[in-house]
Amino acid sequence: MNDMRLVVVGAGGRMGRALIRAVTEMEGAVVSAAIDREGSQVIGKDAGELAGVGPIGVAVSDDPLPAFAKADGVLDFTSPAATRLYSEFAAQARIVHVIGTTGLGAEDEERINAAARHARIVKSGNMSFGVNLLAALVRKAAEVLDVDYDIEIVEMHHKHKVDAPSGTALLLGKAAADGRKITLDDHSVRVRDGHTGPRREGDIGFATLRGGSVVGDHSVIFAGPGERLTLSHHAEDRQLFAAGAVKAALLARNMKPGLYSMADLLGLAF
Ligand SMILES: NC(=O)C1=CN([C@@H]2O[C@H](COP(=O)(O)OP(=O)(O)OC[C@H]3O[C@@H](n4cnc5c(N)ncnc54)[C@H](OP(=O)(O)O)[C@@H]3O)[C@@H](O)[C@H]2O)C=CC1
Ligand SMILES: O=C(O)C1=N[C@H](C(=O)O)C[C@H](O)C1
């Protein structure tokens with residue numbers, strides 16, 4: 001089979017650069033185009049040079065449609081507005097769309113679901129194997145431990161991150177809620193401030209820390225009577241997420257149109 005032609009959107013971003021590096025390092029895939037938003041300072045630059053791997057002969061462009069028409073897949077870690085649009089373009093081109101963008105709202109999710117009728121979409125708040133395994137462990141722990149064990153999720157990220165709680169924290173919260181057979185939306189507490197009253201039984205709490213250059217730390221705490229169980233993941237390099245995204249694109253290449261999670265692709269969904 002020919003190398004998979006991948007478009008990296010948001011090429012000038014932290015993840016965009018990591019994705020360009022990951023594709024050039026992965027067998028079976030090539031960067032066929034690199035896209036950033038109109039007016040970005042990276043337009044016209046060589047994508048490989050931008051990513052620190054030397055020239056690859058692909059200039060960053062602000063014109064996605066011709067790039068999508070000639071590609072097999074798109075790697076997208078951008079913003080909710082951009083991802084919404086790119087899912088429509090991916091559906092038109094009937095290609096793979098790997099979505100790492102977090103902070104998506106209900107309307108974004110609806111548009112992505114609609115696009116998945118024609119595109120093969122892989123979407124996850126975290127593309128690492130470790131976090132997806134952690135989610136499976138959290139689901140199991142939440143199923144085994146009764147409501148006397150209060151669930152709290154703590155995350156820390158670098159100071160540039162714009163959304164909270166992180167996509168990963170929400171993914172872990174959903175896993176805990178699934179394990180408890182409850183709906184996350186009905187039990188999540190995202191902010192506590194002032195006179196909150198005592199903790200409501202069965203709630204799933206979130207705490208968000210931001211600072212420095214932290215790549216991504218997540219802990220799920222089960223605080224019970226007289227003991228505390230903590231399940232944690234620490235990402236040390238965002239190259240981890242980029243490599244996971246490229247593997248996801250390669251795995252989705254021969255799948256039917258639809259919306260898939262990383263857990264589906266890794267065989268961790270149960
Ligand atoms: N699922 C996962 O495993 C991971 C997910 N993420 C998520 O990925 C997203 C990006 O993170 P990060 O790389 O740190 O953020 P950055 O802000 O560094 O990168 C985002 C890039 O997207 C560009 N962009 C914005 N709008 C468009 C558009 N319409 N078309 C093309 N490019 C566009 C931005 O350009 P400009 O700056 O000029 O606006 C920027 O270059 C976040 O939502 C983050 O949470 C991050 C790591 C792992
Ligand atoms: O913005 C980031 O950096 C990250 N975002 C993802 C998230 O919101 O969980 C994944 C990772 O933790 C890094």
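The values are calculated or read from the model by the stated rules, or taken from the named source; none is laboratory data. In this text, all values refer to a predicted model and were calculated from it rather than measured experimentally. Don't worry about glycine lacking a Cβ; one is built from the backbone with ideal geometry, like all the others, and counts go over all protein chains shown. Side chains are part of the model used for accessible areas, which takes the heavy atoms of the whole protein and leaves out ligands, DNA and RNA. Shrake-Rupley method; radii C 1.70, N 1.55, O 1.52, S 1.80 Å.
One chain, two ends: Lys140 and Asp193. Fully extended at 0.36 nm per residue, the span grows by 16.0 nm beyond their Cα-Cα distance. The stretch 233-270 and the stretch 104-170 have Cα centres lying 13 Å from one another.
Grab the other residues whose beta carbon is less than 10 angstrom from that of Gly52, score K and R as +1, D and E as -1, and report the net.
+1
In the chain, the longest principal axis of the Cα atoms and the axis of helix 14-25 are about 60 degrees apart. Applying 1/(1 + (r/R0)^6) with R0 = 30 Å to the Cβ-Cβ distance of Arg117 and Leu184, what FRET efficiency is obtained, to the nearest 0.05? Efficiency at R0 = 30 Å is approximately 0.70. Separation of the alpha carbons by more than 29 angstrom is noted, of Lys45/Lys161; Lys181/Lys247; Lys45/Lys174; Lys70/Lys256; Lys45/Lys256; Lys159/Lys256, for Lys181/Lys247; Lys45/Lys174; Lys45/Lys256; Lys159/Lys256.
To the nearest ten degrees, helix 106-115 and the longest principal axis of the Cα atoms of the chain are 50 degrees apart.
Restricting to the chain, what percent of DSSP beta bridges are antiparallel, rounded to 5? Roughly 35 percent of the beta bridges in the chain run antiparallel, per DSSP. Of the trypsin sites (Lys or Arg not before Pro) found in the stretch 179-262, the ones in coil according to DSSP and having at most 13 other Cβ atoms within 10 Å of their Cβ are Lys181, Arg192, Arg199, Arg200.
Against the chain, whose longest principal axis is taken from its Cα atoms, helix 167-180 shows a tilt of about 50°. Which net charge results when you count Lys and Arg as +1 and Asp and Glu as -1 among the other residues whose beta-carbon is under 11 Å from that of Tyr260? That works out to +2.
Using the Cβ-Cβ distance between Lys256 and Glu25 with R0 set to 25 Å, the FRET efficiency from 1/(1 + (r/R0)^6) comes to roughly 0.30. Surface composition of the stretch 129-235: carbon plus sulfur atoms hold 53% of the accessible area, using a 1.4 angstrom probe and ignoring ligands, DNA and RNA. Extension gain, Glu88 to Asp163, is 24.7 nm, computed as 0.36 nm per intervening residue step minus the present C-alpha separation. Ligands, DNA and RNA are left out, and with a 1.4 angstrom probe the accessible area of the chain is 48 Å² per residue. The calculated Kirkwood hydrodynamic radius for the stretch 91-231 is 16.3 Å, given to one decimal from all distinct C-alpha pairs.
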